[in-house]
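K.L.:
Questions regarding the structure given below will be posed in turn.
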Amino acid sequence: MSKPLVGIVMGSDSDFPIMEETSEILKQFDVAHEIIVTSAHRSPARTRNYVKKSEKTGVKILIAGAGAAAHLAGSLAAESILPIIGVPIDSSPHKGLDALLSTSQMPGGVPVATMGIGKSGARNAGLLAVQILALEDPKLHSKLVQYKKYQAKEVEIKSRKIQATHARNNKD
Ligand code: RP5
């Protein structure tokens, strides 16, 4: 197993169904990563220890998913100069808006690259990490080019299907 380049951190095991999307993207691009549950509020010492450890073991990017009063990404950013990507999770009665605001509204000087709420945000976090790593990795760069081409192709295929259905339903 190669050394993890990305650390996926989540505030609770209940965040995993969302953060699994990040892991799937990283797997798709063969980016070695690790996953850990630690909470900014419930286990602050564990969170701090993880950041310090990950810097030493060669992790280059941290992705934090948390819901509610989501301070996980911010607490990682407070302790590290690694790029931090935050994923707000819709686990509270406020449907993720609380997590979006707490993750994104960082004080000047402590950036967190905040994604959208939920699964698409988690996927984009994985992709953004791949894009950052691709700056120094030509193989990843060409995989990303292929990914974008495939994505565009999929839109065309979906459009053709919809157009065919529309034509069938509207012929007289
Ligand atoms: C947050 O509280 C976690 O990130 C999670 O989204 C939410 C609920 O956690 P559990 O009560 O399910 O552990 O800190």
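K.L.:
Tally time: how many residues in the range 29-78 are among the polar types (S, T, N, Q) and exposed (fewer than 14 other Cβ atoms within 10 Å of the Cβ)? Quick ask: steps written out before the conclusion?
P.N.:
As a first pass, look at the range 29-78 and keep what is among the polar types (S, T, N, Q): 38-39, 43, 47, 49, 54, 57, 75.
If we keep only those that are exposed (fewer than 14 other Cβ atoms within 10 Å of the Cβ) too, we end up with 49, 57.
Number satisfying all stated conditions: 2.
K.L.:
Filter the range 1-28 down to residues that are of a type outside the set (Val, Ile, Thr), open to solvent by less than 10 Å² (accessible area, probe 1.4 Å) and not in a helix (DSSP H, G or I) and give me whichever is nearest to LYS139 (Cα to Cα).
P.N.:
GLY7
K.L.:
Considering each of VAL59, VAL31 in turn, give the residue that is closer than 23 Å to TYR147 by Cα, more than 16 Å from the ligand (Cβ to nearest atom) and not in a helix (DSSP H, G or I).
P.N.:
Details: VAL59 fails: closer than 23 Å to TYR147 by Cα.
Matching residue, one of VAL59, VAL31: VAL31.
K.L.:
Would it be correct to say that PRO111 is touching a His at 6+ places or on another chain (Cβ under 7 Å), within 30 Å of LYS139 (Cα to Cα) and assigned to a loop (DSSP other than H, G, I, E, B)?
P.N.:
Judged against the criteria, PRO111 is not a match.
K.L.:
Does the range 130-142 include one or more residues that are in a loop (DSSP other than H, G, I, E, B) and hydrophobic (A, V, I, L, M, F, W, C)? Full working, then the answer.
P.N.:
Our first condition is that a residue be in a loop (DSSP other than H, G, I, E, B); within the range 130-142, this holds for 135-137.
Restricting the remaining residues to those that are hydrophobic (A, V, I, L, M, F, W, C) gives 135.
For the range 130-142, residues in a loop (DSSP other than H, G, I, E, B) and hydrophobic (A, V, I, L, M, F, W, C): present.
The values are calculated or read from the model by the stated rules, or taken from the named source; none is laboratory data. Being a predicted model, the structure only gives us computed values, none of them experimental. When we count neighbours, we look across all protein chains shown, and the Cβ atoms used for this are built from the backbone with ideal geometry, even at glycine. Note: accessible area is taken over every heavy atom of the protein model, side chains too, but ligands, DNA and RNA are not part of it. Shrake-Rupley method; radii C 1.70, N 1.55, O 1.52, S 1.80 Å.
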